[in-house]
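Take a look at the structure set out below.
Throughout, read-outs are computed from the coordinates displayed, never taken from laboratory work. These figures come from a predicted structure and were not determined experimentally. Don't worry about glycine lacking a Cβ; one is built from the backbone with ideal geometry, like all the others, and counts go over all protein chains shown.
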Amino acid sequence: MNILIANDDGIESEGLRVLVDALRDEYDVYVAAPMSQRSAFSHSVTYFYKNNRAEKREIAGTKGAYAIDGTPADCTYYGINGLFGVKMDLVVSGINVGRNLASDVIYSGTVAAAGEALIHHIPGIAVSLCSYTGGDFTPAAEAVKQIIPFYMNHPDRENFILNINVPALSAENIRGIRVTDLHDHSDYSRPVEKKEKDGVLYLSIEDDMTKDPPSSRKRITDVEAVEAGYIAVTPLYYDLCARKIIDTLEVLETETE
């Protein structure tokens, strides 16, 4: 089975190499990753500009690897559409440094790299270590290894991606795996700091202001699972239609005679 590994932390990230090492013995592994940090690029793409630069890299355990001057979703697009001359069976994005829980998935380049695969009817997995200072990526890589066979045998695997978030704990302290709902939206409101220098106004925001409100979900959420010491596995898909609202908007409908 051919697996494409992408990420948003860049080709040099430790998490990417740990993931390659975990999968190299059982699968044919390829890498297409950004040349540098591309976190929070969401699902932006630049491939339609043409002539994005790609540099071949040597990464032990891979059948081929490229650093690409593009976004995470770009990297997946190139990797599954001929960059390596083979058909990819699965895209795994990560291992990301930092959580991708709740509404983080909207901003996440890691999730977008897996989501780009879904658009092309290829299964995708996004995996993150819930620490912004790094740590041991091995439990996250082992979780991916454990989950891949179940996911690839799921009859609807081309219709959803898996978003895996691993608590920053030692393997012996992780309590297990939970299949989770997305937590309610995080609070990203942060005070804006304004500074003017040489006639130019610069804006910045305070860090570490994200808050997770209590959840109204019936099933355990990704945030709750990780905080309790479990690996959170959340199925995601790209249907953004607010179907509960459709009928309330029928008054807007018109028809030209």
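Points to keep in mind about this one:
- Cα centroid separation - the range 161-179 against the range 1-80, whole Å: 23
- Of all the options Arg190, Arg53, Arg17, the one that moves most in a Gaussian network model of the chain with Cα springs shorter than 10 angstrom is Arg190.
- Descending by average beta-carbon neighbour count within 10 Å, the peptides 212-219, 89-96, 116-123 line up as 89-96, 116-123, 212-219, the highest first.
- Shape category assigned to the range 145-192 from the gyration tensor of Cα positions, a/c cut at 1.5: oblate
- Three-way shape label, the range 101-158, alpha-carbon gyration tensor, a/c 1.5: oblate
- Top of Asp156, Asp181, Asp74 by mean-square fluctuation, Gaussian network on the chain, Cα under 10 Å: Asp156
- Within straight-line reach of Lys87, meaning a Cα separation under 16 Å, sit the following lysines at least 8 residues removed in sequence or on another chain: Lys63.
- Shape analysis of the range 143-257 places it in the oblate category; the axes a ≥ b ≥ c from the Cα gyration tensor give an a/c of at least 1.5, with a/b not above b/c.
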